[in-house]
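A short worksheet on the structure shown next.
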Amino acid sequence: MYSERLSGEESLRQDFEALSVSKRLMRSVSQKLRKKNQRPGGEEEDDARGISLRCLTLYGRGGGCKVGADTGDDFGDPSNRRRSSASDEGKGYRPICGTEESGMDCFSYGVRERFWKKHNRKDFELEESIRNSRMHIFLPDDILEMCLVRLPLTTLMTARLVCKKWRHLTTTPRFLQMRREGSHQNPWLFIFGAVKDGYCSGEIYALDVSLNQWHVIGADILKGRFMFSVASIQDDIYVVGGCSSLNNFGRVDRSSFKTHKGVMLFSPLTKSWRKVSPMKYARSMPILGVSEVTSDFSTSQSYQNRQDRRIPRSRLGGVSDVYEDPHRLSLRRQCRYAVDENESSLLPNRKSYKFMKQKSDHSSMKSHRRFVIIAVGGLGSWDEPLDSGEIYDSVSKKWTEIQGLPVDFGIVCSGVVCNGMFYVYSESDKLAGYDIERGFWIGIQTSPFPPRVHEYYPKLVSCNGRLFMLSVFWCEGDGQIGRRNKAVRKVWELDLMYLNWAEVSVHPDAPMDWNAAFVADGNMIFGIEMFKIFGQVLDFFTVCDVSDMEMKWSHISRNHVTHELDASSCLTKSMAVLHL
């Protein structure tokens, strides 16, 4: 009997040892699961979902897993239930089936999530959205905007891929306004009109000047369109007019083509396109000018002034161009003295207008800024030169016809807005200006125009109220009259007070591109020349700082990204500059 008692005690001791080993094993397994999950607040969430995380929480003799076992019910004594330390920690969890706390579930790692996703899909989507938003639970939106608004454009585009909230936050009008008015912008050059393998690819080449990095932007909406003009307003680019082939869609074919009057708006910050109001007349390669106007500007009033003031005008009282029908010569003679009086008061008003414009700029900063786009010249539907003009108002979003170009003015080849005046230059070396606020043209008689090679049309640019013209002329050798040595592109500045041209700079590169494009931004003049040599198209980008007394040119990019383009891209290209 004593031996039987010893054997019973020995078996009881073995049972306790097995139970202690099971507890240690259970603790190690629970710790590993907690480390793998690493989900803060997971217990509260799972408690709300009714899912027990406790696997292997009830071990009996030999380490067996008693899933959902209730030993107390089997023996009729609830106090005899054997629980591990992990089961004590799991108090408060509800079983999947039943309502008692003693019911327990056992899932291998990862099975519980799949099971719950299957039966609680809506709750899982809500949990995912909450989990994604945890990164900015403690970061207010205004602080987040201040951080994102300081990112470079390429980094900002990448940040938009983080989550939907960041994408929405960086595309709101408030955010775009903050970035537009901030000092964290860099100049970007956009090249349009790329032609590959004879087709208008619609691709846009963008150069980040600060980082000297090129980016290619796909624009399917521009496929098949060529010979259009572009203009930039703040952080948007307007694509105006153009042509498209009728027989060979997508190819640069002018044998049978259609001229467009549609206008499209491209926003690089959002990579979005939208159509705006079309022009009155279809145009290809129109001459565009952009100007900021006062809040009380009215295009209808400007059009009415055009109907009333059909009188020839000249800036300095010199030989005026003929604006109206020759049969009204007697009427012009009667109004001769009235015209002289008006013109004598025009020059002093230029300074007052400049003061008014500066004053209106400060008031417009507090409200919505207003811009206009002027389109003159170009080629019509029958490839005929046009002498009409239109103006687009960013507020009314409509085009209004303006007074046509002077008779015998010639074909317009360049134009730019400077101090509220839209200056245009013709192939016949004539200069005229359109007063945007008053709505009429003025013939400008200047000192002898700089000599130029007629195959290269001059280009007008404006920098901070200064009017420049880039033209090409032959530099002859010393002592050899009539011998053409080389062609040089020079920069001339027009004195707006005395109307005299003065040479201010010389471009360092030989003028290989007769259709070179130049645009101005602040104190900078950006230029691009594209030409085909040795079987490939090369591009040269240069910049000149007009605030510097020497006004030297420098190359900003030597990465010839246009070597895959066709030679026709030299003719169809157009350029715009933005601060993004």
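Which one of V162, V230, V216, V239 is surrounded by fewer than 18 Cβ atoms within 10 Å (Cβ to Cβ) and in a strand (DSSP E or B)?
The unique qualifying residue is V216.
Residues R225, R150: which one is surrounded by 18 or more Cβ atoms within 10 Å (Cβ to Cβ) and among the basic types (K, R)? Full working, then the answer.
Numbers: R150 fails: surrounded by 18 or more Cβ atoms within 10 Å (Cβ to Cβ).
When all the criteria are applied, what remains is R225.
Within region 409-427, the set of residues being open to solvent by 20 Å² or more (accessible area, probe 1.4 Å) and either in contact with a helix residue (DSSP H, G or I) (Cβ under 8 Å, 6 or more places away or on another chain) or modelled with pLDDT under 90 (or both) comprises N419 only.
Give region 533-550 a look and list any residue that's closer than 28 Å to I233 by Cα and open to solvent by 10 Å² or more (accessible area, probe 1.4 Å), or say none. Please lay out each step first, then the result.
First pass over region 533-550, keeping only residues closer than 28 Å to I233 by Cα: 539-548.
Hits for region 533-550 are F540, V543, D545, S547, D548.
Being of a type in the set (D, E, K, R) and within 26 Å of K196 (Cβ to Cβ) is a description that applies to K573. Here is the figure for region 434-457: residues that are modelled with pLDDT under 95, under 23 Å from D521 (Cα atoms) and crowded, with 21+ Cβ neighbours inside 10 Å total 1.
Note on region 527-580: among residues that are among the hydroxyl-bearing types (S, T, Y) and assigned to a loop (DSSP other than H, G, I, E, B), the one that is farthest from S244 (Cα to Cα) is S547. Residues that are hydroxyl-bearing (S, T, Y) and farther than 24 Å from C243 by Cβ within region 268-280 comprise T270, S272, listed in sequence order.
The one condition from (1) within 13 Å of the chain's Cα centre (by Cα); (2) assigned by the TED database to the domain that holds V372; (3) surrounded by 15 or more Cβ atoms within 10 Å (Cβ to Cβ) that V195 does not meet is (1).
The values are calculated or read from the model by the stated rules, or taken from the named source; none is laboratory data. This structure is a prediction, so every number in the text was calculated from the model and none was measured. Don't worry about glycine lacking a Cβ; one is built from the backbone with ideal geometry, like all the others, and counts go over all protein chains shown. Heads up: the accessible areas ignore ligands, DNA and RNA and are worked out on the full protein's heavy atoms, side chains in. Shrake-Rupley method; radii C 1.70, N 1.55, O 1.52, S 1.80 Å.
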